[in-house]
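Asks: For reference, the structure I am asking about is given below.
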Amino acid sequence: QVQLVESGGGLVQPGGSLTLSCAASGNIVNIYAMGWYRLTPGKQRELVASITSLNTTKYADSVKGRFTISRDNAKNTMLLQMDSLKPEDTAIYYCMGAAASVGYWGQGTQVTVSS
């Protein structure tokens, strides 16, 4: 089993920054990729950014140039640095870890961008 715990969400003004953290524990040796998804009421779940065990990254077009995903393997932690935040970035952000045949999810953290 793998446990993923997100932290770092909150309320920020437009143009501000937040850093989300996802701490992984348990049987993480089989996790080959991790990512951040977000969910907004009335919209489909969106893959925001992903990173593989080889540090290959991908971003949604809506966040390119503003968000940066990274991993700290020594600390079993994944980060999402979010800059130049917009109101449309408001959502619940979920951490996801992908193994060979299963995906693991955190409980989510709320990000609200509002003045």
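Asks: What's the longest uninterrupted piece of the chain once you rule out the trypsin sites (Lys or Arg not before Pro) that are loop residues per DSSP with at most 10 other Cβ within 10 Å?
Replies: 65-115
Asks: Report the convex hull volume per residue for the range 47-102, counting only C-alpha atoms, in Å³.
Replies: 101 Å³
Asks: If you average the C-alpha positions of the range 44-115 and of the range 1-25 separately, how far apart do those two centres end up, in angstrom?
Replies: The range 44-115 and the range 1-25 have Cα centres separated by 8 Å.
Asks: Non-local amide H neighbours of Gly108 (under 5 Å, H modeled in plane, Pro and chain starts lacking H): which ones?
Replies: Under 5 Å from the amide H of Gly108 lie the amide H atoms of Glu6, Cys95, each far enough along the sequence or on another chain.
Asks: Taking all protein chains as present, what is the carbon and sulfur share of the accessible area of the chain, in % to the nearest whole number, probe 1.4 Å?
Replies: 51 percent
Asks: For the range 93-109, list residues with backbone N below 17 Å from a point placed 7 Å from the Cα of Asn27 toward its Cβ?
Replies: Answer for this model: 97-105.
Asks: Could you work out how much longer the chain between Ser17 and Ser101 gets when fully extended? Use 0.36 nm per residue separation minus the Cα distance between them, nm to one decimal.
Replies: 26.8 nm
The values are calculated or read from the model by the stated rules, or taken from the named source; none is laboratory data. Keep in mind that this is a model prediction, so the values were computed, not measured. Here Cβ is always computed from backbone atoms with ideal geometry, including for glycine, and neighbour counts include all displayed protein chains. Areas reflect the complete protein model, heavy atoms only, side chains present, ligands, DNA and RNA absent. Shrake-Rupley method; radii C 1.70, N 1.55, O 1.52, S 1.80 Å.
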